[in-house]
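Asker: To start, I am sharing the structure in question, which I have written as structure tokens.
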Amino acid sequence: MHLQVRRYTDGYRVTSQVDAVFFADCAARSFFDQVANKWAVMILTILNEKPTRFNELRRRLEGVTHKALTQALRRLERNGLIAREVLATSPVAVVYSITDLGRTLQVPLGAAFDWAIEHLHQIEQAQEAYDNKKPGRK
């Protein structure tokens, strides 16, 4: 399989084909490992609405642990997708907001969300069929 890669060289758009090999140090692979997980996607969706404090994020993300939320926020901040602001209040508060770079993910993430909703019934049917094929099941 080959992928079309577009890049700019000396102001000109160049399209070339590369093998679809995902090397261990591949930048895309690293990106997916860092930010393409359920918590990151949900965090970006919430922050796209408005800047939000840590505890409000935690309340809105049912089931997320303090540790998982902290790790996801750090990864997103490290990758430039969100910004963290410490407020000089008593007690100290932290507000997270989406960056311009983070906003660029809203279209592809929205498309993935729409796809999941549109195909949810088919996915559930496939899961049920798979689970029923497992050894020991009738």
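Rule-based calculations on the coordinates, nothing more; no lab input. Here the structure is a predicted model, which means the values were calculated and not measured. Here the Cβ is made from the backbone with ideal geometry for all residues, glycine too, and neighbour counts use every protein chain on show.
Asker: If each of residue 134 and residue 29 carries a label point 7 Å out from its Cα toward its Cβ, how far apart are those two points in nm?
Answerer: Going by the 7 Å Cα→Cβ label model, 3.0 nm.
Asker: Given a cut-off of under 8 Å on Cα pairs at least six residues apart, what relative contact order in percent is computed for the range 26-104?
Answerer: Relative contact order for the range 26-104 comes out at 33 percent.
Asker: Each label point is 7 Å from the Cα along the Cα-to-Cβ direction; what then is the distance between the points at residue 126 and residue 60, in nm?
Answerer: So the label points at residue 126 and residue 60 sit 3.0 nm apart.
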